[in-house]
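Undergrad: If you scroll down you'll find the structure; I have some questions about it.
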Amino acid sequence: MWKPRVPGVNFGMRYLVKARVKHGRAEALAEAIADRTLGRGSIAGDEYLYDMETARVDSKGDAHWVETCFCDPPLEEERPYWEKYFDLLSIKDAHSRRNCRHENGTEPWACCQCDCTKPLEERLASTGESFLHKLTSAKL
């Protein structure tokens, strides 16, 4: 099992997040996305908005997205921001380690611009429906 090299710092990991919008929070989430305040104050910055733009929703109404995070434990910084609107159902390592430039030593902190999860993200993009579309059409 992979272990962080520095306690509290994960050196960039990608996670497949599965979450469900909390009852009564869909409208507030849609507003936070529209006015670009989702995640305001977090070191992760615009990552929250990008995650919502790429998120997909399945037939059960659960949202799925791939998120880059440098925390140990995963999503430690992001969790309070997400939990205002979501019940986090699962957070799984999404890395393809054999392609990870950070892990093989060719490029430290490569996760920000890495494409090691591209196949997963492409599969995800072709499943379910756009989370933002469902959210803004008040179907969540």
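Undergrad: At a Cα cut-off below 23 Å, give the lysines reachable from Lys134, other chains included and same-chain residues fewer than 8 away excluded.
TA: The qualifying lysines are Lys18, Lys22, Lys60, Lys84.
Undergrad: Per residue of segment 28-35, what does 6.51 cos²θ - 1.76 cosθ + 1.60 with θ = phi - 60° give for ³J(HN,Hα)? Whole Hz please, x for Gly and Pro, Karplus curve as stated.
TA: 5, 5, 4, 5, 5, 6, 4, 8
Undergrad: Ranked by Cβ crowding within 10 angstrom, fewest neighbours first, how are Asp35, Asp62, Asp87 ordered? Don't skip to the end; give the middle numbers.
TA: Details: Asp35 9, Asp62 18, Asp87 14.
Ranking Asp35, Asp62, Asp87 by Cβ neighbours within 10 Å, fewest first, gives Asp35, Asp87, Asp62.
Undergrad: Got a sec? How would Leu16, Leu88 order by Cβ neighbour count within 10 Å, fewest to most?
TA: Working: Leu16 18, Leu88 14.
Ascending Cβ contact count within 10 Å gives the list Leu88, Leu16.
Undergrad: Using Cβ counts within 10 Å as a stand-in for footprinting exposure, how do Arg123, Arg56 rank, fewest first?
TA: Neighbour counts put them in this order, fewest first: Arg123, Arg56.
FYI, it's all coordinate maths here, none of it is from the lab. Here the structure is a predicted model, which is why all the values come from computation and not from measurement. Note that each Cβ is placed from the backbone with ideal geometry, even for glycine, and that neighbours are counted across all protein chains shown.
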